[in-house]
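Contents: one structure, followed by commentary.
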């Protein structure tokens with residue numbers, strides 16, 4: 001099997017063809033053994049691409065989170081406690097924040113916002129409470145997941161304290177009030193006059209770490 | 001013989017298959033151990049055809065249930081399994097293996113290579129495929145049934161509301177993916193390294209070009225599909241939370257990862273079709289293909305653009321307007337290179353000496369009907385309109401126009417075009433014309449009214465529907481049964497052709513056919529181009 005020089009200039013070829021140009025351009029006639037080892041070489045390169053793309057598919061997971069954190073487009077507020085210090089309160093405008101709750105399918109808890117809505121200035125500290133009750137006859141550990149709509153507002157909600165930062169265990173028949181403290185960043189763009197914060201409660205008893213269950217029994 | 005030397009040097013240090021050199025082994029062992037590209041191409045094509053009939057039988061179950069409103073034949077859970085497995089089988093079992101089969105048969109003959117570059121891997125990539133589909137199909141008979149979450153296996157449907165057979169689904173998709181990747185690597189290596197002297201890139205037939213680009217798409221996105229199913233597997237069985245909000249994951253992320261694979265996948269299923277049509281139209285127009293270079297660039301641009309349009313499948317998930325606009329315009333941009341192709345085919349026919357042999361009939365049907373599918377795709381790309389069309393039968397109509405009258409018709413056109421070269425005998429033209437006309441009429445009775453019920457609001461993937469859709473659904477089902485039966489004509493024709501019944505054909509077969517594959521004898525000998533041809 002022999003190869004002869006390519007007549008077409010590389011500029012005319014789309015990128016896909018470029019990768020193996022070197023081998024396609026070899027000028028001396030090759031033996032079959034050389035040809036086979038060349039094929040193996042090309043195949044190996046392509047296997048690396050496959051492995052790379054498999055890695056990329058898993059890398060998409062953190063990339064997705066990073067992208068959403070930077071742009072705030074999926075309405076996920078930060079899951080870490082913010083520190084409230086030297087925040088300038090912008091008294092020139094008032095923001096309305098609504099609170100809604102829901103439980104995931106199969107989650108039997110009663111879950112409601114004690115405060116349905118709150119009006120505050122950007123930078124001002126707000127405190128709201130949520131009511132939960134476990135009406136079932138067994139202990140359940142819950143996790144609340146927040147979501148803000150419109151999503152961009154999530155970038156400007158800073159929680160100093162939230163029940164959603166940790167697991168919430170309730171024994172059978174128990175009830176509780178769960179507090180949440182937050183302030184709205186004064187940097188919030190002017191076009192936002194109100195937004196909605198939703199909490200969804202999930203039953204995570206089955207998947208939670210055993211350590212938490214122990215802690216719950218002791219409490 | 002060149003294949004053997006290649007084998008010995010590359011993947012078979014002991015060289016124990018050297019006996020291929022002297023004769024073609026007989027019986028089942030020939031097919032089991034074959035490393036011959038023509039044999040493997042035949043295996044792929046038969047496998048695809050069997051899968052097409054099985055997937056088609058499932059479609060018949062779906063259409064029988066939807067013949068009239070109400071639940072009458074199957075229960076909803078089984079109905080969902082039918083829609084899911086029908087989709088998986090048609091995509092991964094019928095269309096993709098059929099194209100791989102055509103690639104195996106034709107690419108070495110078109111570029112003057114003695115065989116595929118990696119013949120042993122070729123054998124392996126075919127033979128793992130039946131196992132994948134045995135696993136998938138057997139899951140239908142397990143307690144709790146097979147996968148019922150749609151071929152797109154959206155989380156949390158597949159991670160939280162699915163049965164234990166999800167594990168089998170995941171492993172079968174893994175195997176299908178490995179098979180496709182190996183097939184794609186083989187195609188790329190063959191095209192890059194094995195072209196005959198003088199066969200420069202810009203002299204390659206378009207079928208070779210479109211397959212080269214398709215193979216790169218496969219190598220790029222099949223691993224992403226493997227990643228997605230693996231995440232579903234670990235979410236379901238090993239307590240991870242990739243797609244579970246309660247554990248910090250995000251179900252919408254599933255859709256992003258899936259469609260990052262899924263959109264290039266639809267071009268994987270149509271680019272080789274473009275190559276086939278670009279081979280057939282010039283032959284029966286007795287003209288050179290109009291705009292060869294622009295065809296190559298259009299194919300490459302479609303492939304590149306396919307990576308930046310995935311979220312148009314997810315307009316209703318609540319994306320920011322800016323992102324929706326980006327994906328809308330990027331999607332519409334794809335219609336430019338696609339339009340170039342349709343224009344070039346029509347321009348090739350313009351003032352040509354047209355004759356309407358069976359492959360040409362399928363090719364012309366492809367051009368018209370694929371364009372209808374492309375236009376409904378443009379409608380779906382419009383964000384506000386998509387909110388109405390999303391998850392309705394309009395979407396079903398759209399993707400069946402591009403996949404059935406697009407990809408599938410092109411495969412049938414290809415089979416009719418190259419079958420005489422494979423068998424050395426002309427197929428039964430009367431049967432072929434019956435097959436064409438029955439398919440053409442029934443496929444439109446089947447899919448065209450779906451546009452109307454979809455626009456009127458009938459959702460997809462449901463076993464029952466509101467009364468006002470009854471009349472159209474009756475017609476759709478009748479069209480479906482007719483289309484299914486028409487394929488039995490095709491089966492009869494293929495069996496007849498394989499038994500070598502028919503008039504002998506010349507080497508060129510078709511009067512206007514040009515290319516290396518028409519310069520070798522008919523039927524194509526077991527080994528071709530052991531000495532590379534010189535291309536002027």
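Suppose the filter is buried (at least 17 other Cβ atoms within 10 Å of the Cβ), touching a residue at least 24 places away in the same chain (Cβ under 8 Å), assigned to a helix (DSSP H, G or I) and in contact with a strand residue (DSSP E or B) (Cβ under 7 Å, 6 or more places away or on another chain); does residue B:480 pass it?
Against the criterion (buried (at least 17 other Cβ atoms within 10 Å of the Cβ), touching a residue at least 24 places away in the same chain (Cβ under 8 Å), assigned to a helix (DSSP H, G or I) and in contact with a strand residue (DSSP E or B) (Cβ under 7 Å, 6 or more places away or on another chain)), residue B:480 does not qualify.
Between a first residue in the stretch B:73-100 that is without any contact (Cβ under 8 Å) to a residue 24 or more places away in the chain and a second residue that is part of a helix (DSSP H, G or I), which pairs have beta carbons less than 9 Å apart while being 6 or more apart in sequence or on different chains?
Filtered contacts from the stretch B:73-100: B:73/B:61; B:73/B:64; B:73/B:65; B:73/B:79.
Could you list all residues from the stretch B:504-520 that are touching a residue at least 24 places away in the same chain (Cβ under 8 Å) and assigned to a loop (DSSP other than H, G, I, E, B)?
B:505, B:509, B:510, B:511, B:512, B:513, B:514, B:515, B:520
Against the definition (in the same structural domain as residue A:159 (by TED's automatic domain parsing) and either touching a helix residue (DSSP H, G or I) at 6+ places or on another chain (Cβ under 9 Å) or part of a loop (DSSP other than H, G, I, E, B) (or both)), how does residue A:136 come out, yes or no?
Details: in the same structural domain as residue A:159 (by TED's automatic domain parsing): yes; either touching a helix residue (DSSP H, G or I) at 6+ places or on another chain (Cβ under 9 Å) or part of a loop (DSSP other than H, G, I, E, B) (or both): yes.
In short, yes.
Being more than 7 Å from chain A (Cβ to nearest Cβ), more than 23 Å from the chain's Cα centre (by Cα) and in a helix (DSSP H, G or I) narrows it down to one of B:202, B:231, so name that one.
B:231
Within the stretch B:134-165, count every residue that is surrounded by 23 or more Cβ atoms within 10 Å (Cβ to Cβ) and assigned to a helix (DSSP H, G or I).
4
Which members of the stretch B:343-355 meet the condition of being within 25 Å of the chain's Cα centre (by Cα) and surrounded by fewer than 18 Cβ atoms within 10 Å (Cβ to Cβ)?
B:343, B:346
Could you list, in sequence order, all residues of the stretch B:68-117 that are surrounded by fewer than 19 Cβ atoms within 10 Å (Cβ to Cβ) and not in a helix (DSSP H, G or I)?
The answer is B:68, B:69, B:70, B:71, B:72, B:73, B:74, B:75.
Quick one: in the stretch B:428-459, which of the residues that are surrounded by fewer than 16 Cβ atoms within 10 Å (Cβ to Cβ) and within 24 Å of the chain's Cα centre (by Cα) is farthest from residue B:384 (Cα to Cα)?
Checking each candidate, the answer is B:433.
Kindly establish whether residue A:66 is in contact with a helix residue (DSSP H, G or I) (Cβ under 7 Å, 6 or more places away or on another chain), modelled with pLDDT of 85 or more and either outside the structural domain of residue A:122 (by TED's automatic domain parsing) or over 26 Å from residue A:166 (Cβ atoms) (or both). Walk me through how you get there before you give the answer.
Values: in contact with a helix residue (DSSP H, G or I) (Cβ under 7 Å, 6 or more places away or on another chain): no; modelled with pLDDT of 85 or more: yes; either outside the structural domain of residue A:122 (by TED's automatic domain parsing) or over 26 Å from residue A:166 (Cβ atoms) (or both): yes.
No.
Filter the stretch A:63-76 down to the residues that are closer than 15 Å to residue B:254 by Cβ and part of a helix (DSSP H, G or I), then identify the one that is farthest from the other protein chains (Cβ to nearest Cβ). Spell out the reasoning first.
Applying the first criterion (closer than 15 Å to residue B:254 by Cβ) to the stretch A:63-76 yields A:63-65, A:68, A:74.
Adding the requirement that they be part of a helix (DSSP H, G or I) leaves A:63-65, A:68.
Working: A:63: 10, A:64: 5, A:65: 8, A:68: 8 Å.
Here the answer is A:63.
Suppose we keep only residues that are within 13 Å of another protein chain (Cβ to nearest Cβ) and outside any helix (DSSP H, G or I) within the stretch B:283-318. Which one would you say is nearest to residue B:330 (Cα to Cα)? Give the derivation first.
Applying the first criterion (within 13 Å of another protein chain (Cβ to nearest Cβ)) to the stretch B:283-318 yields B:292-307, B:310-311, B:314, B:317-318.
Right, trim to outside any helix (DSSP H, G or I) and you get B:314, B:318.
Working: B:314: 14, B:318: 18 Å.
Looking at residues that are within 13 Å of another protein chain (Cβ to nearest Cβ) and outside any helix (DSSP H, G or I), I get B:314.
Suppose the filter is more than 21 Å from residue B:190 (Cβ to Cβ), at pLDDT below 80 and outside the structural domain of residue A:164 (by TED's automatic domain parsing); does residue A:9 pass it?
Here the answer is yes, as residue A:9 does meet what is asked.
Of these, B:244, B:250, which one is facing chain A (nearest Cβ under 10 Å), over 24 Å from the mean Cα position of the chain (by Cα), free of Cβ contacts under 8 Å to residues at least 40 places away in the same chain and at negative phi?
Values: B:244 fails: free of Cβ contacts under 8 Å to residues at least 40 places away in the same chain.
The match here is B:250.
Which of the residues spanning the stretch A:41-51 are at the interface with chain B (Cβ under 8 Å from one of its Cβ atoms) and surrounded by fewer than 17 Cβ atoms within 10 Å (Cβ to Cβ)?
A:47, A:51
The values are calculated or read from the model by the stated rules, or taken from the named source; none is laboratory data. All figures in this text were calculated on a predicted structure; none of them were measured in a lab. Ideal geometry is used to build each Cβ from the backbone, glycine not excepted, and the neighbour counts take in all protein chains shown.
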